[in-house]
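Accompanying notes for the structure given below.
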Amino acid sequence: MKHPGIFLIGLTGGIACGKSTVLAMLAALGARTIDADRITHRLQQPGTPVYEAIVAAFGPHILTTPGGVIDRRKLGKIVFNDPQALKRLEAIVHPAVRAEIRRFLQEVAGAGTYATRLRPVERPIVVIDAIKLIESGWADECDQVWVVTCPVEQQIERLMTTRGMSLAEAQARIAAQPPQESRLSRADVIIDNSGTQAQTRAQVEAAWQQALIASQGA
């Protein structure tokens, strides 16, 4: 194992492919989970160093009100249409997120035996959900990389339906991300989330069983 005391799975995939759905299924099976996007959101709250750095870099017009929270949609319109702006944002956010994840991994590794839905295990399985798992270098630290996939047409439909994006906004958001092929080339497990939730769950449970075996034999 690459992290003593734990078996680390990296979960990734394009936006609106269904990573959060798969993460919830894994949590129900007994995985300890880390949602990098949730950490990012928490670190961007007013008063934090990340918040102050983002406002300094992009200006107060990205706030909902003076001194208020960051309007993620306003910020998104800037960074997802300007690769250099996206790099500036990631240079601020990624180191802080990485530090939070490392703290969590250390806590889990020191906690001892952990109960999954099936049985107690000596080496708990931890899942990191990160859209840029590959690009951030986390994939190299994972024992397995899982990629959630679906057709781009479904991604666009989900972004328009669930996030209220226009067609142009959805296409721009997808285009700003690395191609799915680059993720699939690193995948140990591929979860096809283009069908029903039951079909996705069946894939997740089968892969989980194999991960349990691998984690305890590592």
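The values are calculated or read from the model by the stated rules, or taken from the named source; none is laboratory data. Remember, it's a predicted structure, so these values are computed and weren't measured experimentally. In this analysis, Cβ positions are derived from the backbone assuming ideal geometry, glycine residues included, and neighbour counts consider all displayed protein chains.
Residues that are free of Cβ contacts under 8 Å to residues at least 12 places away in the same chain and crowded, with 19+ Cβ neighbours inside 10 Å within the range 149-168 comprise just one, MET165.
Restricting to the range 203-218, and then to whatever is in a helix (DSSP H, G or I) and of a type in the set (A, V, I, L, M), can you tell me which residue is surrounded by the fewest Cβ atoms within 10 Å (Cβ to Cβ)? Write out each step before concluding.
Going residue by residue through the range 203-218, those that are in a helix (DSSP H, G or I) are 203-217.
Still in the running and of a type in the set (A, V, I, L, M): 204, 206-207, 211-214.
Values: VAL204: 23, ALA206: 12, ALA207: 19, ALA211: 22, LEU212: 20, ILE213: 10, ALA214: 17.
In this case the residue turns out to be ILE213.
Residues in the range 127-138 that are aliphatic (A, V, I, L, M) and either more than 20 Å from GLY5 (Cα to Cα) or modelled with pLDDT under 95 (or both): ALA130, ILE131, LEU133, ILE134. Out of curiosity, is GLN197 at pLDDT below 90, in contact with a Ser or Thr (Cβ under 8 Å, 6 or more places away or on another chain) and farther than 30 Å from PRO4 by Cβ? It is false that GLN197 is at pLDDT below 90, in contact with a Ser or Thr (Cβ under 8 Å, 6 or more places away or on another chain) and farther than 30 Å from PRO4 by Cβ.
For the range 34-44, check the following and say yes or no: at least one residue is among the aliphatic types (A, V, I, L, M), buried (at least 16 other Cβ atoms within 10 Å of the Cβ), touching a residue at least 40 places away in the same chain (Cβ under 8 Å) and in a loop (DSSP other than H, G, I, E, B). Give the steps one after another, and end with the answer.
Keep residues of the range 34-44 that are among the aliphatic types (A, V, I, L, M), which gives 34, 36, 39, 43.
Filter again for buried (at least 16 other Cβ atoms within 10 Å of the Cβ), leaving 34, 36, 39, 43.
If we keep only those that are touching a residue at least 40 places away in the same chain (Cβ under 8 Å) as well, we get 34, 36, 39, 43.
Subsequent filtering for residues that are in a loop (DSSP other than H, G, I, E, B) retains none.
Looking through the range 34-44, none of the residues is among the aliphatic types (A, V, I, L, M), buried (at least 16 other Cβ atoms within 10 Å of the Cβ), touching a residue at least 40 places away in the same chain (Cβ under 8 Å) and in a loop (DSSP other than H, G, I, E, B).
Please go through the range 171-202 and give me each residue that is touching a strand residue (DSSP E or B) at 6+ places or on another chain (Cβ under 7 Å), part of a helix (DSSP H, G or I) and either of a type outside the set (A, V, I, L, M, F, W, C) or surrounded by 16 or more Cβ atoms within 10 Å (Cβ to Cβ) (or both), ordered by number.
Taking the range 171-202 first, the residues touching a strand residue (DSSP E or B) at 6+ places or on another chain (Cβ under 7 Å) are 180, 183-184, 186-193, 200.
Among the residues that remain, those that are also part of a helix (DSSP H, G or I) are: 180, 183-184, 200.
Answer for the range 171-202, where residues must be touching a strand residue (DSSP E or B) at 6+ places or on another chain (Cβ under 7 Å), part of a helix (DSSP H, G or I) and either of a type outside the set (A, V, I, L, M, F, W, C) or surrounded by 16 or more Cβ atoms within 10 Å (Cβ to Cβ) (or both): GLN180, ARG183, THR200.
Listed by first and then second residue, the pairs with beta-carbon distance under 8 Å, at least 6 apart or on different chains, first residue in the range 85-99 and within 18 Å of TRP138 (Cβ to Cβ), second among the hydroxyl-bearing types (Ser, Thr, Tyr), are VAL93/THR40; HIS94/SER136; VAL97/THR40; ARG98/SER136. Taken over the range 154-170, the criterion of being part of a helix (DSSP H, G or I) and either under 21 Å from ALA139 (Cα atoms) or of a type in the set (Ser, Thr, Tyr) (or both) is satisfied by THR161, THR162. Within the range 1-33, being outside any loop (DSSP other than H, G, I, E, B) and hydrophobic (A, V, I, L, M, F, W, C) holds for PHE7, LEU8, ILE9, LEU11, VAL22, LEU23, ALA24, MET25, LEU26, ALA27, ALA28, LEU29. Taken together, the residues in the range 67-98 that are touching a strand residue (DSSP E or B) at 6+ places or on another chain (Cβ under 8 Å) and part of a loop (DSSP other than H, G, I, E, B) amount to 2. Taking the range 81-92 as the range and being under 18 Å from ARG173 (Cα atoms) and surrounded by 12 or more Cβ atoms within 10 Å (Cβ to Cβ) as the test, the residues that pass are ASN81, ASP82, ALA85, LEU86, ARG88, LEU89, GLU90.
Checking the stated criteria, VAL145 turns out not to satisfy the condition of being assigned to a helix (DSSP H, G or I), at pLDDT 90 or above and surrounded by 20 or more Cβ atoms within 10 Å (Cβ to Cβ).
The set of residues from the range 32-46 being modelled with pLDDT of 95 or more and over 21 Å from ILE15 (Cα atoms) comprises GLN45, PRO46. Just for the range 1-33: of the residues that are of a type in the set (Lys, Arg) and within 19 Å of GLU205 (Cβ to Cβ), which one is surrounded by the fewest Cβ atoms within 10 Å (Cβ to Cβ)? Among those residues, the one meeting the criterion is ARG32.
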